[in-house]
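Asks: I'd like to ask you about the structure that follows.
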Amino acid sequence: MTSPIRIVTAVILDDAGRVLVVRKRGSQTFIQPGGKREPGEDALRTLGRELHEELGVTPRTGSALALGTFEDEAVNEAGRRVQGESFLVRVDGTPRAQAEIAELA
């Protein structure tokens, strides 16, 4: 059995309490922003890098609250599973779709 893809995801709330989700190009599914760890990265470094690349925002220092680790089928990689560490974070900046992100909701 192939080991799951390790990712880190963000739960980002707006002032009305709505959760930000993203849709990658070539996919119809909305997911939480985040991504795969690079070798040697800890979870929060991965999260900061991915949020900057995908949304142009920076996690606010000291705002990350670990929500847990979750596992499910990978949306964008058929036959694979993802294991995601999720964090509630506040961000500085206004999220906008960039890099492989096609749409925000």
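Asks: Evaluate the following for Thr9: is it surrounded by fewer than 13 Cβ atoms within 10 Å (Cβ to Cβ), assigned to a strand (DSSP E or B) and in contact with a strand residue (DSSP E or B) (Cβ under 6 Å, 6 or more places away or on another chain)?
Replies: no
Asks: Of the residues Lys36, Lys24, only one is open to solvent by 80 Å² or more (accessible area, probe 1.4 Å) and either within 20 Å of Ala102 (Cβ to Cβ) or more than 11 Å from the chain's Cα centre (by Cα) (or both); which?
Replies: Only one candidate passes the filter, namely Lys36.
Asks: Applying the selection to the stretch 27-70, what residues are of a type outside the set (A, V, I, L, M, F, W, C), in contact (Cβ under 8 Å) with a residue 24 or more places away in the chain and not in a strand (DSSP E or B)?
Replies: Of all residues in the stretch 27-70, those of a type outside the set (A, V, I, L, M, F, W, C) come to 27-29, 32-42, 45-46, 48-50, 52-54, 56, 58-63, 68-69.
Filter once more, so that each one left must be in contact (Cβ under 8 Å) with a residue 24 or more places away in the chain: 27, 29, 32-37, 46, 50, 53-54, 56, 58-60, 63.
Result: Ser27, Thr29, Gln32, Pro33, Arg37, Thr46, Glu50, Glu53, Glu54, Gly56, Arg60, Ser63.
Asks: Now for a separate question. Considering only the stretch 71-95, how many residues are in a loop (DSSP other than H, G, I, E, B) and closer than 18 Å to Gly26 by Cα?
Replies: Residues that pass the stated criteria total 7.
Asks: Within the stretch 96-105, can you find the residues that are loosely packed, with under 11 Cβ neighbours inside 10 Å and outside any loop (DSSP other than H, G, I, E, B)? Steps first, answer last, please.
Replies: Keep residues of the stretch 96-105 that are loosely packed, with under 11 Cβ neighbours inside 10 Å, which gives 105.
Correct list: empty.
Asks: From Arg23, Arg60, Arg45, Arg49, which residue is touching a Ser or Thr at 6+ places or on another chain (Cβ under 8 Å) and of a type in the set (D, E, K, R)?
Replies: Every option except Arg23 fails the conditions.
The values are calculated or read from the model by the stated rules, or taken from the named source; none is laboratory data. These numbers were taken from a predicted model, which means no experiment stands behind them. Here Cβ is always computed from backbone atoms with ideal geometry, including for glycine, and neighbour counts include all displayed protein chains. All accessible areas refer to the heavy atoms of the entire protein, side chains included, with ligands and DNA or RNA removed. Shrake-Rupley method; radii C 1.70, N 1.55, O 1.52, S 1.80 Å.
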